[in-house]
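A short worksheet on the structure shown next.
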Amino acid sequence: MWLGRAPEQLFAYSGGKHYLADRPTVVFIHGAQHDHSVWILQSRALAHLGYGVLALDLPGHGRSDGPPRTSVESIADGLAAALTPLGANEVVLVGHSLGALIALELARRMADTVRGVALLGAAFPMRVADTLLAATRDEPEAAFDMINVWSHAPSIGPFAPRPGCPAPGFNIVWQNLRLMQRIARTNGRDVLPIDFHACNAYDNGQSAATLLHCPALFVLGGSDMMTPRRSAQPLIDAIGTDKQVVVLPDSGHSLMAESPDAVRRALEQFALRVLPAPRRAAA
(Lines give C-alpha, C1' and ligand atoms only; values in the text may rest on other atoms or scores of the structure.)
Protein backbone atom coordinates (compact mmCIF):
# COMPACT_ATOMS: atom_id res chain seq x y z
CA MET A 1 0.00 0.00 0.00
CA TRP A 2 1.01 3.64 -0.39
CA LEU A 3 1.28 6.30 2.30
CA GLY A 4 1.38 10.05 1.80
CA ARG A 5 1.13 11.96 -1.44
CA ALA A 6 3.32 12.18 -4.54
CA PRO A 7 6.10 13.14 -4.93
CA GLU A 8 6.82 11.85 -1.41
CA GLN A 9 4.83 8.64 -1.30
CA LEU A 10 6.11 5.78 0.82
CA PHE A 11 5.52 2.13 0.04
CA ALA A 12 4.46 -0.12 2.91
CA TYR A 13 4.10 -3.90 2.87
CA SER A 14 1.17 -5.03 5.01
CA GLY A 15 2.29 -8.59 5.74
CA GLY A 16 -0.12 -10.34 3.41
CA LYS A 17 -3.19 -8.91 5.18
CA HIS A 18 -5.30 -5.88 4.40
CA TYR A 19 -4.18 -3.01 6.64
CA LEU A 20 -6.85 -1.67 9.03
CA ALA A 21 -5.94 1.41 11.05
CA ASP A 22 -8.32 0.46 13.87
CA ARG A 23 -6.09 -2.49 14.76
CA PRO A 24 -2.97 -2.13 16.90
CA THR A 25 -0.26 -1.31 14.36
CA VAL A 26 3.32 -2.52 14.09
CA VAL A 27 5.61 -0.34 11.96
CA PHE A 28 8.85 -1.93 10.68
CA ILE A 29 11.76 0.35 9.72
CA HIS A 30 14.71 -1.12 7.83
CA GLY A 31 18.36 -0.11 7.89
CA ALA A 32 20.87 1.25 5.40
CA GLN A 33 20.71 0.08 1.76
CA HIS A 34 17.74 -2.17 2.52
CA ASP A 35 13.99 -2.20 1.96
CA HIS A 36 10.90 -3.70 3.59
CA SER A 37 11.78 -7.22 2.41
CA VAL A 38 14.25 -7.76 5.27
CA TRP A 39 11.19 -8.05 7.56
CA ILE A 40 9.22 -10.56 5.48
CA LEU A 41 8.98 -13.35 8.07
CA GLN A 42 8.46 -11.10 11.09
CA SER A 43 5.97 -8.76 9.41
CA ARG A 44 3.86 -11.64 8.09
CA ALA A 45 3.85 -13.30 11.50
CA LEU A 46 2.55 -10.16 13.23
CA ALA A 47 -0.03 -9.56 10.50
CA HIS A 48 -1.35 -13.10 10.87
CA LEU A 49 -1.63 -12.59 14.65
CA GLY A 50 -4.08 -9.82 13.86
CA TYR A 51 -1.95 -6.68 14.03
CA GLY A 52 -2.03 -4.02 11.37
CA VAL A 53 1.43 -4.16 9.79
CA LEU A 54 3.32 -1.51 7.87
CA ALA A 55 6.81 -2.58 6.77
CA LEU A 56 8.11 0.60 5.15
CA ASP A 57 10.49 1.40 2.36
CA LEU A 58 12.35 4.50 3.52
CA PRO A 59 12.34 7.54 1.20
CA GLY A 60 14.51 6.81 -1.83
CA HIS A 61 14.65 3.08 -1.05
CA GLY A 62 12.84 0.25 -2.77
CA ARG A 63 9.52 1.44 -4.15
CA SER A 64 9.26 4.67 -2.15
CA ASP A 65 9.73 8.04 -3.76
CA GLY A 66 13.13 9.65 -3.41
CA PRO A 67 15.63 11.06 -2.96
CA PRO A 68 16.83 9.47 0.29
CA ARG A 69 16.82 11.87 3.23
CA THR A 70 20.15 12.90 4.67
CA SER A 71 19.55 12.79 8.44
CA VAL A 72 17.82 10.58 10.97
CA GLU A 73 15.68 13.51 12.09
CA SER A 74 14.56 14.30 8.54
CA ILE A 75 13.64 10.68 7.87
CA ALA A 76 11.60 10.58 11.09
CA ASP A 77 9.83 13.78 10.04
CA GLY A 78 8.84 12.18 6.74
CA LEU A 79 7.63 8.96 8.34
CA ALA A 80 5.57 10.85 10.93
CA ALA A 81 3.96 12.92 8.19
CA ALA A 82 3.01 9.76 6.29
CA LEU A 83 1.85 7.69 9.28
CA THR A 84 -0.11 10.23 11.30
CA PRO A 85 -2.99 10.70 8.81
CA LEU A 86 -3.75 6.95 8.98
CA GLY A 87 -5.29 7.51 12.41
CA ALA A 88 -3.76 4.50 14.16
CA ASN A 89 -4.18 5.00 17.90
CA GLU A 90 -1.78 2.33 19.15
CA VAL A 91 1.57 1.72 17.49
CA VAL A 92 4.68 -0.37 18.12
CA LEU A 93 7.81 0.75 16.27
CA VAL A 94 10.41 -1.82 15.22
CA GLY A 95 13.71 -0.61 13.76
CA HIS A 96 16.95 -2.26 12.68
CA SER A 97 20.34 -0.47 12.68
CA LEU A 98 19.72 2.95 11.04
CA GLY A 99 16.05 2.08 11.44
CA ALA A 100 16.54 1.76 15.22
CA LEU A 101 17.76 5.36 15.39
CA ILE A 102 14.82 6.45 13.24
CA ALA A 103 12.43 4.59 15.55
CA LEU A 104 13.78 6.53 18.55
CA GLU A 105 13.20 9.84 16.78
CA LEU A 106 9.81 8.76 15.46
CA ALA A 107 8.71 7.82 19.00
CA ARG A 108 9.29 11.45 20.00
CA ARG A 109 7.13 12.70 17.15
CA MET A 110 4.33 10.18 17.74
CA ALA A 111 4.51 9.98 21.53
CA ASP A 112 0.73 10.01 21.95
CA THR A 113 0.28 6.79 19.95
CA VAL A 114 3.51 4.81 20.37
CA ARG A 115 3.09 2.03 22.95
CA GLY A 116 6.45 0.31 22.51
CA VAL A 117 9.75 0.53 20.63
CA ALA A 118 11.84 -2.49 19.58
CA LEU A 119 15.43 -1.73 18.59
CA LEU A 120 17.47 -4.36 16.73
CA GLY A 121 21.19 -4.03 16.07
CA ALA A 122 21.11 -0.65 17.81
CA ALA A 123 24.11 1.45 18.78
CA PHE A 124 24.89 4.96 19.89
CA PRO A 125 26.85 6.63 18.61
CA MET A 126 26.51 4.66 15.36
CA ARG A 127 29.84 5.63 13.84
CA VAL A 128 30.93 4.32 10.46
CA ALA A 129 34.63 3.58 9.91
CA ASP A 130 36.34 6.11 7.63
CA THR A 131 37.53 3.32 5.34
CA LEU A 132 34.03 2.00 4.86
CA LEU A 133 32.50 5.46 4.47
CA ALA A 134 35.03 6.30 1.75
CA ALA A 135 34.37 2.98 0.00
CA THR A 136 30.61 3.68 -0.18
CA ARG A 137 31.44 6.72 -2.32
CA ASP A 138 34.43 5.52 -4.32
CA GLU A 139 34.16 1.73 -4.49
CA PRO A 140 30.55 0.76 -3.79
CA GLU A 141 30.95 -2.89 -4.77
CA ALA A 142 33.88 -3.23 -2.38
CA ALA A 143 31.76 -1.55 0.30
CA PHE A 144 28.98 -4.07 -0.30
CA ASP A 145 31.48 -6.91 0.16
CA MET A 146 32.83 -5.42 3.39
CA ILE A 147 29.35 -4.89 4.79
CA ASN A 148 28.33 -8.44 4.00
CA VAL A 149 31.40 -9.86 5.72
CA TRP A 150 30.94 -7.67 8.80
CA SER A 151 27.14 -7.99 8.95
CA HIS A 152 27.10 -11.75 9.53
CA ALA A 153 28.41 -13.75 12.44
CA PRO A 154 31.90 -15.21 11.91
CA SER A 155 30.47 -18.71 12.26
CA ILE A 156 28.52 -18.19 9.05
CA GLY A 157 31.63 -17.63 6.95
CA PRO A 158 31.80 -16.29 3.39
CA PHE A 159 29.51 -18.93 1.94
CA ALA A 160 27.01 -19.14 4.79
CA PRO A 161 27.17 -22.87 5.64
CA ARG A 162 25.16 -22.26 8.85
CA PRO A 163 22.33 -21.23 8.94
CA GLY A 164 22.50 -19.66 5.51
CA CYS A 165 21.62 -22.66 3.38
CA PRO A 166 18.45 -24.27 4.74
CA ALA A 167 17.67 -25.43 1.21
CA PRO A 168 19.51 -25.66 -2.11
CA GLY A 169 19.89 -22.29 -3.80
CA PHE A 170 19.34 -20.26 -0.63
CA ASN A 171 22.14 -18.24 0.94
CA ILE A 172 21.59 -15.33 3.32
CA VAL A 173 24.92 -13.64 2.55
CA TRP A 174 24.38 -13.56 -1.20
CA GLN A 175 20.71 -12.72 -0.71
CA ASN A 176 21.70 -9.62 1.27
CA LEU A 177 24.31 -8.69 -1.33
CA ARG A 178 21.77 -8.95 -4.14
CA LEU A 179 19.35 -6.74 -2.21
CA MET A 180 22.01 -4.08 -1.75
CA GLN A 181 22.92 -4.26 -5.44
CA ARG A 182 19.26 -3.95 -6.41
CA ILE A 183 18.82 -0.84 -4.27
CA ALA A 184 21.90 0.71 -5.90
CA ARG A 185 20.65 -0.17 -9.37
CA THR A 186 17.07 0.98 -8.81
CA ASN A 187 17.49 3.90 -6.41
CA GLY A 188 21.00 5.11 -7.20
CA ARG A 189 24.59 4.80 -6.02
CA ASP A 190 24.16 7.64 -3.51
CA VAL A 191 21.80 5.73 -1.23
CA LEU A 192 24.44 3.92 0.84
CA PRO A 193 26.75 6.91 1.48
CA ILE A 194 23.73 9.03 2.39
CA ASP A 195 22.43 6.35 4.78
CA PHE A 196 25.81 5.87 6.43
CA HIS A 197 26.31 9.63 6.74
CA ALA A 198 22.96 9.82 8.54
CA CYS A 199 24.11 7.12 10.98
CA ASN A 200 27.47 8.78 11.49
CA ALA A 201 26.08 12.28 12.06
CA TYR A 202 23.26 11.41 14.44
CA ASP A 203 23.94 12.89 17.88
CA ASN A 204 20.54 12.83 19.59
CA GLY A 205 20.33 9.16 20.54
CA GLN A 206 20.71 9.48 24.29
CA SER A 207 18.34 12.43 24.56
CA ALA A 208 15.74 10.59 22.45
CA ALA A 209 16.15 7.49 24.65
CA THR A 210 15.81 9.56 27.82
CA LEU A 211 12.53 11.02 26.54
CA LEU A 212 11.10 7.61 25.72
CA HIS A 213 7.99 7.02 27.84
CA CYS A 214 6.99 3.55 26.67
CA PRO A 215 8.46 0.04 27.03
CA ALA A 216 11.56 -0.73 24.98
CA LEU A 217 12.97 -3.98 23.66
CA PHE A 218 16.56 -4.42 22.52
CA VAL A 219 17.38 -7.42 20.33
CA LEU A 220 21.16 -7.65 19.93
CA GLY A 221 23.52 -10.00 18.17
CA GLY A 222 26.13 -11.54 20.43
CA SER A 223 28.45 -11.84 17.42
CA ASP A 224 27.58 -8.47 15.85
CA MET A 225 30.69 -6.82 14.37
CA MET A 226 28.85 -3.80 12.88
CA THR A 227 27.12 -2.67 16.09
CA PRO A 228 28.69 -4.73 18.90
CA ARG A 229 26.47 -5.52 21.84
CA ARG A 230 28.34 -3.11 24.12
CA SER A 231 27.61 -0.19 21.77
CA ALA A 232 23.91 -0.36 22.65
CA GLN A 233 24.60 0.21 26.34
CA PRO A 234 24.38 4.04 26.23
CA LEU A 235 20.84 3.75 24.90
CA ILE A 236 19.90 1.01 27.35
CA ASP A 237 21.20 3.09 30.26
CA ALA A 238 19.42 6.23 29.05
CA ILE A 239 15.99 4.62 28.96
CA GLY A 240 14.31 5.00 32.32
CA THR A 241 11.11 3.15 31.49
CA ASP A 242 10.36 -0.57 31.17
CA LYS A 243 13.16 -2.12 29.10
CA GLN A 244 14.15 -5.64 28.08
CA VAL A 245 17.33 -6.89 26.42
CA VAL A 246 17.41 -10.08 24.35
CA VAL A 247 20.83 -11.25 23.15
CA LEU A 248 21.04 -13.79 20.34
CA PRO A 249 24.54 -15.22 20.88
CA ASP A 250 25.03 -16.79 17.46
CA SER A 251 23.78 -13.82 15.43
CA GLY A 252 25.64 -10.98 13.82
CA HIS A 253 24.14 -7.72 12.59
CA SER A 254 21.74 -9.34 10.12
CA LEU A 255 19.54 -10.61 12.93
CA MET A 256 16.32 -11.02 10.96
CA ALA A 257 18.01 -13.36 8.48
CA GLU A 258 20.47 -15.11 10.79
CA SER A 259 17.99 -15.85 13.60
CA PRO A 260 14.61 -15.29 11.98
CA ASP A 261 12.49 -17.35 14.37
CA ALA A 262 14.19 -16.00 17.49
CA VAL A 263 13.60 -12.44 16.28
CA ARG A 264 10.00 -13.29 15.42
CA ARG A 265 9.37 -14.73 18.87
CA ALA A 266 10.93 -11.73 20.62
CA LEU A 267 8.82 -9.28 18.60
CA GLU A 268 5.62 -11.28 19.03
CA GLN A 269 6.06 -11.51 22.80
CA PHE A 270 6.89 -7.82 23.06
CA ALA A 271 3.96 -6.69 20.91
CA LEU A 272 1.50 -8.87 22.78
CA ARG A 273 2.80 -7.52 26.09
CA VAL A 274 2.66 -3.80 25.31
CA LEU A 275 -0.58 -3.84 23.27
CA PRO A 276 -3.87 -5.64 23.93
CA ALA A 277 -3.86 -9.00 22.19
CA PRO A 278 -5.61 -8.49 18.86
CA ARG A 279 -8.14 -10.86 17.40
CA ARG A 280 -6.38 -13.33 15.15
CA ALA A 281 -6.69 -12.39 11.50
CA ALA A 282 -8.99 -14.50 9.37
CA ALA A 283 -7.29 -16.90 6.98
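The values are calculated or read from the model by the stated rules, or taken from the named source; none is laboratory data. This structure is a prediction, so every number in the text was calculated from the model and none was measured. Note that we place each Cβ from the backbone using ideal geometry, even for glycine, and neighbour counts take in every protein chain shown. When the accessible area is computed, the model is the full protein with side chains, heavy atoms only, and any ligands, DNA or RNA have been set aside. Shrake-Rupley method; radii C 1.70, N 1.55, O 1.52, S 1.80 Å.
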- Query: Tell me, in nm to one decimal, what length is gained between R5 and V245 on full extension, where the rule is 0.36 nm per residue of separation less the Cα-Cα distance?
  - Reply: 82.7 nm
- Sum of side-chain charges, S223 neighbourhood, beta-carbon under 11 Å (Lys, Arg +1; Asp, Glu -1): -2
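Considering only DSSP beta bridges whose two residues both sit in the stretch 1-123, what percent are antiparallel, to the nearest 5? Write down the numbers at each step before the final one.
Numbers: 4 of 19 bridges.
Once the DSSP bridges in the stretch 1-123 are tallied, antiparallel ones form about 20 percent.
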- Query: Quick one: ranking Y19, Y13 by accessible area, 1.4 Å probe, largest first, what do you get?
  - Reply: Y13, Y19
- Taking the dipole about the Cα centre of the chain, with the C-beta of Lys and Arg at +1 and of Asp and Glu at -1, give me whichever of W150, P234, G15 is farthest to the positive side. G15
- Placing +1 on each Lys and Arg Cβ and -1 on each Asp and Glu Cβ in the chain, then taking the dipole about the Cα centre, the residue among A118, L101, Y202 whose Cα reaches farthest towards the positive end is A118
- For the stretch 54-119, treating each Cα as an identical point scatterer without solvent, what Debye log10 I(q)/I(0) comes out at q = 0.14, 0.27, 0.29 1/Å? -0.36, -1.36, -1.49
- The summed charge of the R63 Cβ neighbourhood (under 14 Å; Lys/Arg +1, Asp/Glu -1) stands at -2
- Kirkwood Rh for the stretch 1-159 from C-alpha pairs, in Å, is 16.3 Å
- Once the Cα gyration tensor of the chain is diagonalised, what are the square roots of 5 times its eigenvalues, in whole Å and ordered largest first, as equivalent ellipsoid semi-axes? 26, 21, 20
